[in-house]
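A.B. asks: I have a structure I would like to understand better, so I am pasting it below and will then ask my questions one at a time.
The values are calculated or read from the model by the stated rules, or taken from the named source; none is laboratory data. Here the structure is a predicted model, which means the values were calculated and not measured. Cβ sites come from the backbone with ideal geometry, for glycine too, and all protein chains shown count toward neighbours. In case anyone asks, the SASA skips ligands and DNA or RNA and just uses the protein heavy atoms, side chains included. Shrake-Rupley method; radii C 1.70, N 1.55, O 1.52, S 1.80 Å.
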Amino acid sequence: MIPLLIFILGACFGSFLNVCIYRIPKKLSIFTPRSFCVNCKTPIKPWENIPFISYILLRGKCSTCKAKISPRYFIVELLTAIIYLLVFRRFGFGLPLMTYLFFSSLLIIITFIDLEHQLILNKITHSGIILGLLASFLLPNLSLFQSLLGGLMGGLVIYFLHLLSLLLFRKVGMGGGDLKLAILLGVFLGWKNLLLSLLIASFTGGIVGSILIFLRIKKRTDYIPYGPYLCLGAMVVLLWGEDIISWYKGWLFG
Ligand SMILES: [Zn+2]
């Protein structure tokens with residue numbers, strides 16, 4: 001019963017994250033006015049605002065103007081619901097749960113804004129870094145020192161990769177937004193988990209990037225958003241980091 005409630009809670013928060021993803025880059029308030037159709041501006045009726053169900057019943061179209069509603073609304077609701085459930089199963093009730101639900105929500109907002117606008121907003125990373133440092137007081141296995149060290153490590157690694165890219169390829173690889181995102185991940189995860197998540201991010205980014213270039217969906221010179229991979233790496237480490245490390249140790253030392 002409780003997992004189901006967490007799943008529904010996640011779907012409702014996902015609905016709110018959709019509002020954030022649409023409004024924050026446009027500098028609109030995330031609280032007022034009520035949700036509206038982005039095409040005809042008609043306010044959305046309460047029955048049209050039920051996660052998943054409304055999207056399916058409306059067949060992905062606005063009931064007034066019939067404009068197509070982006071599938072992103074459905075995807076974010078479902079993804080948030082699943083992630084909330086996984087975070088709950090990993091941490092159970094308590095302060096870490098609250099902290100990491102907040103952290104995962106931030107990652108979802110950052111990912112989808114980066115995918116749509118190729119932007120990682122300072123407004124989000126700056127406040128996230130401060131909240132991450134404060135969150136270390138709520139987490140039993142992350143001290144303020146480890147949190148600071150994680151942020152420092154995140155910044156240094158991305159800055160080093162940036163210099164390397166300039167030197168080897170003479171182009172800007174990772175930008176300032178990626179750097180601040182890595183600091184944000186570091187303050188929430190600590191330096192060890194941060195390094196693991198950067199490894200996972202470059203691994204998955206490399207594979208997906210190669211597939212996209214191979215299928216000619218993207219060109220070698222196209223802009224690559226790193227934000228979503230960094231967020232994915234952080235999420236994987238948050239949920240399964242300990243399993244990955246113990247599996248790796250077992251594999252290494254037999
Ligand atoms: Zn409409």
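A.B. asks: Test Ser104 against the criterion of being within 16 Å of the ligand (Cβ to nearest atom), surrounded by 18 or more Cβ atoms within 10 Å (Cβ to Cβ) and not charged (D, E, K, R), and give yes or no.
C.D. replies: Spelling it out, it is not the case that Ser104 is within 16 Å of the ligand (Cβ to nearest atom), surrounded by 18 or more Cβ atoms within 10 Å (Cβ to Cβ) and not charged (D, E, K, R).
A.B. asks: Please pick out the residue among Tyr100, Tyr84, Tyr159, Tyr73 that is part of a helix (DSSP H, G or I), without any contact (Cβ under 8 Å) to a residue 24 or more places away in the chain and not hydrophobic (A, V, I, L, M, F, W, C).
C.D. replies: Answer to the check: Tyr159.
A.B. asks: Within the stretch 144-167, work out how many residues are over 14 Å from Leu198 (Cβ atoms) and touching a helix residue (DSSP H, G or I) at 6+ places or on another chain (Cβ under 9 Å).
C.D. replies: The number of residues fulfilling the criteria is 5.
A.B. asks: Report every pair of residues separated by at least 6 positions or lying on different chains whose Cβ atoms are under 9 Å apart, first residue within the stretch 19-47 and of a type in the set (Asp, Glu), second within 10 Å of the ligand (Cβ to nearest atom) and open to solvent by less than 40 Å² (accessible area, probe 1.4 Å).
C.D. replies: Sorted first by the residue in the stretch 19-47, then by its partner, the list stays empty.
A.B. asks: Here's another thing I want to ask about it. Which residues, taken from the stretch 61-70, are within 12 Å of the ligand (Cβ to nearest atom), in a loop (DSSP other than H, G, I, E, B) and of a type outside the set (A, V, I, L, M)?
C.D. replies: Within the stretch 61-70, Cys62, Ser63, Thr64, Cys65, Lys66 meet the criteria.
A.B. asks: A further question on this structure: Quick one: which residue in Tyr73, Tyr84, Tyr22 is within 16 Å of the ligand (Cβ to nearest atom), modelled with pLDDT of 90 or more and either in contact with a Gly (Cβ under 9 Å, 6 or more places away or on another chain) or open to solvent by 60 Å² or more (accessible area, probe 1.4 Å) (or both)?
C.D. replies: Tyr73
A.B. asks: From the residues in the stretch 211-254 that are among the small types (Gly, Ala, Ser) and touching a helix residue (DSSP H, G or I) at 6+ places or on another chain (Cβ under 8 Å), which one is nearest to Leu161 (Cα to Cα)? Steps first, answer last, please.
C.D. replies: If we filter the stretch 211-254 for residues that are among the small types (Gly, Ala, Ser), which is where we start, we get 227, 233-234, 241, 246, 250, 254.
Next cut, touching a helix residue (DSSP H, G or I) at 6+ places or on another chain (Cβ under 8 Å) only: 227, 233-234, 241.
Details: Gly227: 14, Gly233: 17, Ala234: 18, Gly241: 23 Å.
Here the answer is Gly227.
A.B. asks: Only one of (1) in contact with a Ser or Thr (Cβ under 6 Å, 6 or more places away or on another chain); (2) exposed (fewer than 14 other Cβ atoms within 10 Å of the Cβ) is not met by Ser147, so which one is it?
C.D. replies: (2)
A.B. asks: Right, something else. Applying the selection to the stretch 31-54, what residues are aliphatic (A, V, I, L, M), more than 9 Å from the ligand (Cβ to nearest atom) and loosely packed, with under 14 Cβ neighbours inside 10 Å?
C.D. replies: Once the filter is applied, which keeps residues that are aliphatic (A, V, I, L, M), more than 9 Å from the ligand (Cβ to nearest atom) and loosely packed, with under 14 Cβ neighbours inside 10 Å, the stretch 31-54 yields only Ile53.
A.B. asks: State the number of residues belonging to the stretch 181-223 that are assigned to a loop (DSSP other than H, G, I, E, B), open to solvent by 70 Å² or more (accessible area, probe 1.4 Å) and in contact (Cβ under 8 Å) with a residue 40 or more places away in the chain.
C.D. replies: Start the filter on the stretch 181-223 by keeping residues that are assigned to a loop (DSSP other than H, G, I, E, B), which leaves 190, 215-223.
Now drop any that are not open to solvent by 70 Å² or more (accessible area, probe 1.4 Å), which leaves 215-221, 223.
Still in the running and in contact (Cβ under 8 Å) with a residue 40 or more places away in the chain: 223.
Number satisfying all stated conditions: 1.
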